[in-house]
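K.L.:
Right, I'll just put the structure down here and ask away after.
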Amino acid sequence: MLVQAYSFTSARIAEALVKAHRRGVKVQVLLDKSQRTEKYSSADFLANAGIMTKIDAAHAIAHNKVMIIDNEVVITGSFNFTKAAEESNAENLLVVRDKELASQYVENWQLHNEHSEPYRAKAERKGGSISREIEQSLQIDFFQYCYTFIPARQGTFQ
C-alpha cells in the first residue's frame, strides 16, 4: 500500500495502516514537509510502528492525497487524512479499481519517493520514544470507516 498525504492527523487511518503493516502488508508513506512540525501529525506513530515514512520536501507543498492498494485500487480526492475531513469538512473521495490507472499513480509515487527523505520521529530527534498515551489514542480501525467503498477481496486487508 502506497500513501501520499499533505496533512495526516487521522488516528483512524494511521491505526488502520499500522494494523495492515502488522499483518504483513507492505505500507509506505510519503508526507508533506509540514508533517515534521505539525503538532498532531500521525507521522511519529507510523514511523515508530516500523512503516517506511518519508518527507517530500522538494515542493512548496506536497499536496497529494492518494492511497494505492494492491497496485489496483486508487483512493484520491480532496479528502485530507484528518479528523476534520472525516467529521466536519465538505470533501470528496474517489475510489477507482483500475490496474492501468493505478500503475500511473504508482509511477508518480515512485518519482516522489526518489527525492523524499526518511522521516525522523520527534522522539528520535529528542532522544526518547513515543508516548504510550498517544499510542493508545490511535486504536481505531480505518478500514471499517473507509473500506466500505471497496468490496472485500480474498486475501486483501482481512
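The values are calculated or read from the model by the stated rules, or taken from the named source; none is laboratory data. Here the structure is a predicted model, which means the values were calculated and not measured. Positions of Cβ are backbone-derived with ideal geometry, glycine not excepted, and every protein chain shown enters the neighbour counts. What goes into the accessible areas is simple: the full protein's heavy atoms, side chains included, and nothing from ligands, DNA or RNA. Shrake-Rupley method; radii C 1.70, N 1.55, O 1.52, S 1.80 Å.
K.L.:
Heavy atoms of the protein only, probe of 1.4 Å, neighbouring chains included. What is the accessible area of K54 in Å², nearest 10?
P.N.:
We get 40 Å² for K54.
K.L.:
Then there's this: Could you rank D70, D44 by how accessible they are, 1.4 Å probe, largest area first?
P.N.:
Order by accessible area, largest first: D70, D44.
K.L.:
Quick one: which residues, 5 or more positions from F79 or on another chain, have an amide H under 5 Å from its amide H? H modelled 1.01 Å from N in the peptide plane, none for Pro or chain starts.
P.N.:
Distant-sequence amide H within range of F79: N92.
K.L.:
Using Cα centres only, tell me the gap between segment 83-124 and segment 1-76 in whole Å.
P.N.:
7 Å
K.L.:
Tell me, what ³J(HN,Hα) does each residue in segment 88-98 have, in order and in whole Hz, if you take phi through Karplus 6.51 cos²θ - 1.76 cosθ + 1.60 with θ = phi - 60° and put x for Gly and Pro?
P.N.:
Going residue by residue, I get 10, 7, 8, 10, 10, 9, 10, 10, 10, 9, 7 Hz, with x marking Gly and Pro.
K.L.:
On a 18 Å Cα-Cα criterion, which of the cross-link pairs K33/K54; K54/K99; K19/K39; K33/K99 come out too long?
P.N.:
K54/K99; K19/K39; K33/K99
K.L.:
Putting +1 on Lys and Arg Cβ atoms and -1 on Asp and Glu Cβ atoms, find which of N48, M1, L31 reaches farthest to the positive end of the dipole of segment 1-50.
P.N.:
Positive-end residue among those listed: M1.
K.L.:
Quick query: amide H of F8 versus all other amide H atoms, modeled in the peptide plane; which residues come in under 5 Å with a sequence gap of 5 or more or a different chain?
P.N.:
Hits under the 5 Å cutoff: S42.
K.L.:
Measuring from label point to label point, each 7 Å out along Cα→Cβ, what is the R22 to V96 span in nm?
P.N.:
3.4 nm
K.L.:
From the phi angles alone, apply the Karplus equation (6.51, -1.76, 1.60; θ = phi - 60°) to segment 69-74 and give each ³J(HN,Hα) in whole Hz, x where the residue is Gly or Pro.
P.N.:
10, 6, 6, 9, 10, 10
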